[in-house]
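Read the figures in this text as sums done on the coordinates, not as results from a lab. What you are looking at is a predicted structure, and each value in this text was computed from that prediction instead of being measured.
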Amino acid sequence: MAPPSYVEAVSYGVYEGAMRGAIHALKYDRIRALARPLGARLAEAIEQLGDGAPREMLVVPVPLHRGRMAERGFNQARVLAKEAVKVLSVTRPEWKLEVSPMALVRQRSTESQSGLTPRQRRQNLRGAFFVSDAAMVRGRHILLVDDILTTGATARACSRILVEAGAASVRVATLARAQRRVPQMMRDDRKFIRLSIGEGALQGVAPAKTVTVHAVQGT
């Protein structure tokens, strides 16, 4: 009933099994060695945009509030975006991707989205983001990057702010999408996620199926 401001959203896989374990290990256990293999998988998700994607895009990681940033020491969306762009510079050299970590700012700390209903998530994020410099995004095609797409509340909030600031379009790419939000049109290619992270960091974690997921406007 309320189409999002973004044109399309793509994800590498479902937020379960090995993928869920890897994201948690990066975010909460601060295993930074995971950034490279996960960034490569994010690059695969971005490649799903295909030839219909603009050749020039400003890559904007979903920001953390400065308090959360100080606590964690890094923004996982930012490091994943940088790793993905490195891979894409080789696999899709015709694309011109510029990472802009400061284009979007989280101006207030928000309650954790985990456990909130979709309506509560939207309310929680109201007024949380702003564009630091409208000239930076005006007329640009934006690729918004995050680790997980759950209900889409964060992607919607960020995309709306970017469009209101003059962005030509917004596309969203995440590593994972919550199972309950996967539409019936998803393709399951029956492969499995294999993470080359070294040190056996995810030994014993059940693998998750790799899927291709598209979220089109209005879904």
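Taking only Cα atoms of segment 1-110, what ratio of Rg to Rh do you get with Rh as the Kirkwood inverse-distance radius?
Answer for segment 1-110: 0.97.
Is the shape of segment 12-72 best called rounded, prolate or oblate, per the rule: a/c under 1.5 gives rounded, else a/b larger than b/c gives prolate, else oblate, with a ≥ b ≥ c the square roots of the Cα gyration tensor eigenvalues? Intermediate values should be presented prior to the final figure.
Details: a/c = 2.57, a/b = 1.39, b/c = 1.85.
Judged from the Cα gyration tensor, segment 12-72 comes out oblate (a/c at least 1.5, b/c at or above a/b).
Can you list residues whose amide H is under 5 Å from V59's amide H, if they're 5+ apart or on another chain and H is modeled 1.01 Å from N?
E98, V99, S100, L143
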